Amino acid sequence: MKAITYYRYGAPDVVGLEDVPTPSPAAGEILVRVHAGVVTPADGAARKGEPVLIRLMGGVRRPKQPILGSEIAGEVAAVGAGVGRFRMGDRVMAATGDAFGGHAEYVVLSEDAAVERMPDGASYEQGVALAEGPATAMPFLRDHGRVKPGMHVLINGASGSVGSAAIQLARYLGAEVTGVASTANQELMRQLGADHVVDYTKADFTAERDRYDVVFDVAGKSSFSAVKGALRDGGVYLDTYPSLNTVWHQLVTTRFGSKKARFAATGLRKPEQKRPDLVLFRDLFDQGRLTPVIDRSFPMEQAAQAHAYVDTGHKTGNVVLRLSGEGRAA
């Protein structure tokens, strides 16, 4: 099979296409023919080996796992002995977690992994997008921000894959939502359900005082110190980036003050925690309450270009890789 691999840290051109052995499912495993994956900022960070925590976990001098990609959508191509949850031909969406491996034509997963059937009406691009942004946004909002009806949530970076999902999921949880993004994405945020929109080129939300119960900094462009004044008493600052600044403030605010800073490695949650969320996202998609946003898609032969585009920091929604089947280049 073909896979997108990298063997050294660096710029987008370190990734390339390679023939590697096709895996086979053992007992209790399924083989998924991957139709779609996504390139995320997390993939870019792993590729660059930055920040330093990435190398401590993924290889100090060179990457331990040469195939990136943590979210996939595809069809079950084979099943191992004893598998009961899936059959050949099932259309599935899944998260591989810290094992990566999703940027390939085939992936083997335990049937007990974070894998569930896709919505019947979803494309593979939509399926992989449901397994990505919402899977980060929901645990931050629900479990760490403890968002409830009547709360006011601000989402900084609201037009990206996680941010666009966060707008919709915060509304699902009953919150009043303010989205922050560029001028070009103001209408998108309104379409996704934001009650208020802020153009960061014209206004600074951190200058506000005592307004928000939760500030979800998807973009990682702010800090607890900058946002603290905009939080109400008991408010929470959520950051998706494991910066030393956020880790420090999380340690300090755990013991002192009513306003808290929190970071969570949502991708490392156990499969049994992720699977119910995938079912929820499928149901919300079917109900028209969760719509994945797709920016553009690339064939796997253009993986380096996809990485370069994500590195610009200006993507809207998801950047998809077409890995086999639908839309693949010959």
Collect the residues in the range 62-89 that are open to solvent by 60 Å² or more (accessible area, probe 1.4 Å) and within 23 Å of Leu268 (Cβ to Cβ), keeping them in residue-number order.
Arg62, Lys64, Gln65, Arg85
Being at pLDDT below 85 and either open to solvent by less than 10 Å² (accessible area, probe 1.4 Å) or part of a helix (DSSP H, G or I) (or both) is the requirement here; does Val215 meet it?
no
Does the range 228-239 contain at least one residue that is in a helix (DSSP H, G or I) and in contact with a helix residue (DSSP H, G or I) (Cβ under 8 Å, 6 or more places away or on another chain)?
yes
For Ala261, which of the numbered conditions (1) at pLDDT below 85; (2) in a strand (DSSP E or B); (3) of a type outside the set (Val, Ile, Thr); (4) open to solvent by 30 Å² or more (accessible area, probe 1.4 Å) fails to hold?
(4)
Filter the range 85-108 down to the residues that are touching a helix residue (DSSP H, G or I) at 6+ places or on another chain (Cβ under 9 Å), touching a residue at least 40 places away in the same chain (Cβ under 8 Å) and not β-branched (Val, Ile, Thr) and list them by number.
Met93, Ala94, Ala95, Gly97, Asp98, Phe100, Gly102, His103, Ala104, Glu105
Here are some residues: Gln126, Gln168. Which one is under 29 Å from His35 (Cα atoms), part of a helix (DSSP H, G or I), in contact with a Pro (Cβ under 7 Å, 6 or more places away or on another chain) and open to solvent by 10 Å² or more (accessible area, probe 1.4 Å)?
Gln126
For the range 35-56, indicate whether the set of residues that are out of contact with any Gly (no Cβ under 8 Å at 6 or more places or on another chain) and of a type in the set (S, T, N, Q) is non-empty.
yes
For Asp112, are the conditions met, namely being open to solvent by 10 Å² or more (accessible area, probe 1.4 Å), farther than 15 Å from Ser324 by Cβ, in a helix (DSSP H, G or I) and in contact (Cβ under 8 Å) with a residue 40 or more places away in the chain?
no
Can you find a residue in the range 267-288 that is among the charged types (D, E, K, R), at pLDDT 95 or above, open to solvent by less than 30 Å² (accessible area, probe 1.4 Å) and under 17 Å from the mean Cα position of the chain (by Cα)?
yes
Can you find a residue that is at pLDDT 90 or above, over 15 Å from the mean Cα position of the chain (by Cα), on the phi < 0 side of the Ramachandran plot and in a helix (DSSP H, G or I) anywhere in the range 290-301?
yes
Answer yes or no: is there a residue in the range 51-66 that is without any contact (Cβ under 8 Å) to a residue 60 or more places away in the chain, of a type outside the set (Gly, Ala, Ser), in contact with a strand residue (DSSP E or B) (Cβ under 6 Å, 6 or more places away or on another chain) and under 24 Å from Gln305 (Cα atoms).
no
Anything in the range 49-72 that is modelled with pLDDT of 95 or more, farther than 18 Å from Asp295 by Cα and not in a loop (DSSP other than H, G, I, E, B)? List them, or say none.
Ile67
So, of the residues in the range 148-165 that are part of a loop (DSSP other than H, G, I, E, B) and in contact (Cβ under 8 Å) with a residue 40 or more places away in the chain, which turns out to be farthest from the chain's Cα centre (by Cα)?
Met151
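The values are calculated or read from the model by the stated rules, or taken from the named source; none is laboratory data. Given the structure is predicted, the values throughout are model-derived calculations rather than measurements. Note: ideal-geometry Cβ built from the backbone for every residue, glycine included; neighbour counts use all protein chains shown. These area figures cover heavy atoms from the full protein model, side chains too; ligands, DNA and RNA do not enter into them. Shrake-Rupley method; radii C 1.70, N 1.55, O 1.52, S 1.80 Å.
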